[in-house]
Structures are given as C-alpha cells and as structure tokens.
Amino acid sequence: MKDYYYFLGIKDDASDEDIKTAYRKLSMKYHPDKNDNDPFFAQRFMEIQEAYETLSDPQMRRNYDHNIVSGRGSSRSSLPPTVKNFTSNKVHAVKGEEVIIKWNTLNADVVKIVPFGLEKAYGERTFRITEFKNGKFVIILHAANSLTRQTAVKGITITEVFENDRERFRENVEKVFQQENKAEALRSNTSAWIRILLAVLLLAAALYFIMQEF
C-alpha cells in the first residue's frame with residue numbers, strides 16, 4: 001500500500017501549493033535525464049509522478065484519503081518500526097569502487113535510504129561511490145511506520161581511501177608477516193640450540209656416572 005504523502009515528503013493535510021512545490025523539487029532531483037537514465041531514479045520519478053497525479057486532483061485525493069489514509073489501521077502494524085540489520089560490504093573505499101548494502105526492517109511500511117530514496121522493507125543495493133564529502137560517504141536508512149508515526153534510523157559511514165593508501169597498507173601487512181616469520185625462525189633456532197645443549201648436558205652426565213663406576 002503506497003503512501004503518496006510520504007513519497008512527496010508532505011503531511012496528510014498539505015495544501016495544493018505544498019503538493020506542487022514538493023513535486024517540482026523532487027521531479028527535478030530524480031528526473032532520469034539528470035541521472036544518466038539510471039533505472040533507480042527512473043522508478044522514483046514514476047512514483048513521484050503517480051503521487052502527484054493522485055493528490056493534485058481533488059476527487060482522486062478524496063478517494064485516496066478515504067480508501068487509503070483512513071484505512072491504515074486495518075492493514076498496518078501498530079508495533080514500533082525497527083531496523084533488524086543494515087550492513088555494507090565495505091567501510092573503506094576508493095572513488096568509483098563498487099559497494100553493496102543490505103537491509104532488513106520490521107513493522108515499517110515506508111523505508112527510505114538516503115541518498116537513494118524509497119526502498120522495500122528489505123533488500124540489497126549495489127552502487128559505486130562517485131563523490132565523497134570531507135572524505136566520508138554517509139548512508140542513512142529511515143524505517144517508518146505511518147500508523148504510529150514512529151521512525152527508526154540507522155546509518156553507515158564509508159571512509160575514502162586512495163590507491164597509494166592501499167599500497168602502503170599492503171606493504172605494512174607484508175612487513176608484519178615478514179617480522180613474524182623472522183621471529184618464528186629465531187624462536188625455532190633458539191629452541192634447536194636449547195635442545196642440543198640439553199642433549200650435550202645429558203650425555204656429559206651419563207659419561208660422568210659411567211666414569212664413576214670404574
């Protein structure tokens with residue numbers, strides 16, 4: 001069940017002017033021509049148009065309010081919304097690198113992920129980070145229950161790294177392993193010398209006792 005008011009980011013009692021203003025703003029933001037015809041933005045643009053067409057027509061809006069808004073309680077959970085999980089396969093990434101996020105929410109009929117837009121209650125999304133802000137890319141999930149008017153929020157921050165940073169990290173890791181290998185070799189050599197020394201001492205003790213018998 002779609003919530004057109006949420007699609008446009010307005011309240012149930014929004015005026016006609018509020019609806020028009022919200023539509024103009026969002027249609028410019030999500031227009032496919034401004035987003036390289038990305039299927040995600042095209043889908044959002046269609047939802048925004050659908051919401052506007054319904055709410056801008058007085059009769060259609062009255063029918064929608066009667067059949068949808070007033071009937072929310074019969075089909076929606078009265079429990080508070082929760083974000084069961086919201087994860088990313090990377091917390092460090094270079095510009096242009098592919099990132100995968102996954103989420104699962106409970107008792108939420110409207111889920112929005114910033115900066116992408118409206119999503120299903122659970123799912124997975126693959127994208128590439130084209131721009132970082134102050135070295136960070138922040139993703140925020142809003143899980144809302146329109147009946148209780150409660151919202152659960154959870155975020156992910158991905159930190160920008162550069163290829164030379166990765167090379168330095170790789171070199172540092174290799175150095176750590178090399179140092180561990182050298183330490184292990186030294187411990188092995190030390191253990192070998194101790195065993196030899198103990199063997200010599202035991203042999204000397206045995207010879208001593210033998211000599212004592214004669």
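The values are calculated or read from the model by the stated rules, or taken from the named source; none is laboratory data. Quantities reported herein were computed from a predicted structural model and do not represent experimental measurements. Reconstructed Cβ throughout: ideal geometry from the backbone, glycine too, with neighbour counts over all protein chains shown. Note: accessible area is taken over every heavy atom of the protein model, side chains too, but ligands, DNA and RNA are not part of it. Shrake-Rupley method; radii C 1.70, N 1.55, O 1.52, S 1.80 Å.
Per-structure values
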read-out	value
Leading residue by the ranking (farthest from Ile113 (Cα to Cα)) among those in region 1-26 that are in contact with a helix residue (DSSP H, G or I) (Cβ under 6 Å, 6 or more places away or on another chain) and not in a loop (DSSP other than H, G, I, E, B)	Ile19
Some residue of region 99-115 being open to solvent by less than 80 Å² (accessible area, probe 1.4 Å), of a type in the set (Ser, Thr, Tyr) and in a strand (DSSP E or B)	yes
Residue that is farthest from Glu160 (Cα to Cα), among those in region 79-98 that are within 11 Å of the chain's Cα centre (by Cα) and surrounded by fewer than 14 Cβ atoms within 10 Å (Cβ to Cβ)	Asn85
Residues located in region 42-59, provided they are free of Cβ contacts under 8 Å to residues at least 60 places away in the same chain, of a type outside the set (Val, Ile, Thr), in contact with a helix residue (DSSP H, G or I) (Cβ under 8 Å, 6 or more places away or on another chain) and surrounded by 13 or more Cβ atoms within 10 Å (Cβ to Cβ)	Ala42, Phe45, Gln49, Glu50, Ala51, Tyr52, Leu55, Ser56
Count - residues of region 116-140 that are part of a strand (DSSP E or B) and either under 19 Å from His92 (Cα atoms) or open to solvent by 30 Å² or more (accessible area, probe 1.4 Å) (or both)	13
